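Following: one structure in C-alpha cells, then a few remarks.
The values are calculated or read from the model by the stated rules, or taken from the named source; none is laboratory data. These numbers come from a predicted model, not from an experiment. Here the Cβ positions follow ideal geometry from the backbone for every residue, glycine too, while neighbour counts run over all protein chains shown.
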Amino acid sequence: MELAELKEKFCALYGGTEEDIRIFMSPGRVNLIGEHTDYNGGYVFPAALSMRTAIAYRKTNSGKIRMAATDLDVRVEADINRLADYKDLKWGDYQLGVAYVMQKQGYQICSCDMLFDDTTPHGGGLSSSAAIEVATALAFATISNEEKGITAPVDMIEMAKISQQAEHEYIGVQCGIMDQFASAMGKKNHAMLLNCASLDYELVPLQMDGYKLVIANTNKKRGLADSKYNERRGECEAAVADLQKVLPEITCLADVSVAEFEQHRSAIQNETARRRAKHVVYEIDRVLQSVKALKAGDMLRFGELMNASHDSLRDDYEVTGLELDTLVEEARKVDGVIGSRMTGAGFGGCTVSLVKEDAVENFIAAVGPNYQAKTGLTAAFYVSEIGDGGHEVKA
Ligand code: GLA
C-alpha cells in the first residue's frame with residue numbers, strides 16, 4: 001500500500017488528521033547464502049528487500065498501545081503497564097514482545113496508535129517477523145529518545161538485538177541475529193557479509209551484470225517450524241560439547257575449520273549431530289567463498305556454491321522438505337539458472353535462484369506449473385529488489 005493511503009486508512013480507523021502521523025519502516029530480507037550458521041557464530045550473507053513493514057504511528061495519552069493491520073481483520077489493545085501479559089496473541093505478539101524488552105531496558109514506552117502494513121509475505125521465510133520487530137523497535141526508540149531529550153540517532157544495531165531478544169524471551173524462538181540485523185542495517189543494492197559472533201559486517205555491492213535474484217515462495221504453511229528450529233540449535237550445541245573434548249579452545253561451531261572438522265568428526269558421538277555440524281562448518285566456508293566469487297564477478301561459481309548450500313541443507317541439516325526441494329529441482333532444469341537454494345529457516349518458505357536476466361520469464365513460466373503438478377500448491381515469484389534497512393520516512 002502507498003504511504004498516502006496508509007495515512008488515510010489510519011485516520012479512518014483512529015480519527016484525527018494526518019499531521020501528527022509518523023511513518024517508520026523496516027524491510028524483510030533474503031539470505032543469499034549462509035543458512036543456520038548465525039546461531040553457531042558463523043558468517044551469513046543476506047540482503048534487505050524492498051518488501052517491508054510500514055507503521056503509521058501516532059503518540060496518544062490513552063495508557064494503551066492500540067494496533068491494527070491493513071491486511072488482517074484484527075485489533076489489539078495492550079496496557080503499557082502489563083506488557084508481559086500478551087505472549088499468546090495470534091497477532092501483535094512480535095510488537096508487544098519488542099515493547100516488553102525495551103521497557104525492561106529502560107526505554108520509555110509511550111501509549112500510541114499504530115497501523116501496520118506489510119508487503120513481505122507472512123510466514124514465507126523472508127523475515128516478515130523481523131521487519132515488524134525492527135520497525136516497531138525503531139518507532140518506540142525514536143519516541144522514547146524524544147521524550148527523554150536524547151538527540152543522538154537511534155542505534156539500529158541495538159534495535160536488531162532488542163528484536164532478537166523479543167524472539168527469545170517473548171515468542172520462544174531461539175533465533176540467531178541475521179534477520180533482525182539485515183532488516184535494521186541493510187543497504188540498497190548491497191548484500192551484507194556479517195560475522196554473527198562479532199557483529200562486524202561489510203556491505204558488498206550486488207553487481208550482478210546480466211543476472212537477477214528470483215525468489216519463489218512455496219506457499220506451504222510452516223507448521224512445526226519453530227520447534228524444529230530450536231531442535232537444530234540443540235543438536236549443534238551437542239556437537240560442540242563433543243568436539244570440545246578434543247578441541248578444548250572452541251566455543252561454537254564457527255571456531256572449527258573444515259580441516260579440523262574432518263580430523264575430529266568422529267568425536268561427535270551422535271550421527272545426526274555430526275551431520276548437522278558438518279553442514280554448519282562447510283556452509284560458513286561457502287559463505288566466504290561466495291563473497292570472493294561475487295567480488296571477482298564469477299557468478300557461475302556463486303551459483304555452484306548456492307547449489308551446494310541447498311544440497312547440504314537437504315541431506316545433512318534436513319530442513320528442506322518436498323516443496324522446497326521441488327522448487328529447487330525444477331529451477332535447476334531451466335536454461336539460464338545457475339544456482340538455486342532455499343533461503344531462511346526452511347521447512348517451507350522460499351527459495352532464491354540466480355537466473356540470467358533474459359531467462360527470468362521462462363523460469364517463472366516453467367517452474368510454476370511443474371511445482372503445482374508435483375505438490376498441488378501454487379508458488380509465487382518475486383524478482384528481488386534490494387532495499388534499505390530500517391528508517392523513519394520523513395515527509
Ligand atoms: C531463521 C532465523 C535466523 C537464521 C535462519 C537460518 O530465519 O531467524 O536467525 O538462523 O533461520 O539461517
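To keep it simple, each residue is scored yes or no on (1) hydroxyl-bearing (Ser, Thr, Tyr); (2) more than 24 Å from Ala184 (Cα to Cα).
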position: Asn362; (1), (2): no, yes
position: Pro369; (1), (2): no, yes
position: Lys374; (1), (2): no, yes
position: Thr378; (1), (2): yes, yes
position: Val383; (1), (2): no, no
Checklist entry - Quick one: which of Ala191, Ala139 is crowded, with 24+ Cβ neighbours inside 10 Å, under 22 Å from Glu35 (Cβ atoms) and not hydroxyl-bearing (Ser, Thr, Tyr)? => result Ala191
Checklist outcome for this item: Wholly inside region 191-302, helices (runs of 4 or more DSSP H) that include 2 or more residues that are in contact (Cβ under 8 Å) with a residue 24 or more places away in the chain are 225-243, 271-295
Checklist outcome for this item: Scanning region 21-67 for residues that are of a type in the set (Ser, Thr, Tyr), out of contact with any Cys (no Cβ under 9 Å at 6 or more places or on another chain) and within 16 Å of the ligand (Cβ to nearest atom) gives Ser26, Thr53
Checklist outcome for this item: Residue hits (region 177-194; away from the ligand (no atom under 14 Å from the Cβ) and in contact with a Phe, Trp or Tyr (Cβ under 6 Å, 6 or more places away or on another chain)) are Ala191, Leu193
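Condition check ((1) under 21 Å from Pro27 (Cβ atoms); (2) in contact with a Leu (Cβ under 9 Å, 6 or more places away or on another chain)) across all residues:
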position	(1), (2)
Met192	yes, yes
Asp200	no, yes
Ile215	yes, yes
Lys220	no, yes
Lys228	no, no
Next on the checklist: Need the failing condition index for Ala78 against (1) touching a Phe, Trp or Tyr at 6+ places or on another chain (Cβ under 6 Å); (2) outside any strand (DSSP E or B), just the number.
Outcome noted: (2)
Checklist entry - Somewhere in region 141-157, is a residue more than 16 Å from the ligand (Cβ to nearest atom) and under 19 Å from Gly92 (Cα atoms)? => result yes
Item to check | Residue among Tyr94, Tyr107, Tyr86 that is more than 24 Å from the chain's Cα centre (by Cα) and modelled with pLDDT of 95 or more | outcome: Tyr107
Checklist entry - Which of (1) within 13 Å of the ligand (Cβ to nearest atom); (2) modelled with pLDDT of 95 or more; (3) more than 29 Å from Val383 (Cα to Cα) does Gln174 not meet, given it meets every other one? => result (2)
Checklist outcome for this item: Within region 102-134, the residues that are assigned to a helix (DSSP H, G or I) and more than 16 Å from the ligand (Cβ to nearest atom) are Met102, Gln103, Lys104
Checklist entry - Could you list, in sequence order, the residues of region 7-20 that are in a loop (DSSP other than H, G, I, E, B) and either under 15 Å from Ala68 (Cα atoms) or within 16 Å of the ligand (Cβ to nearest atom) (or both)? => result Gly15
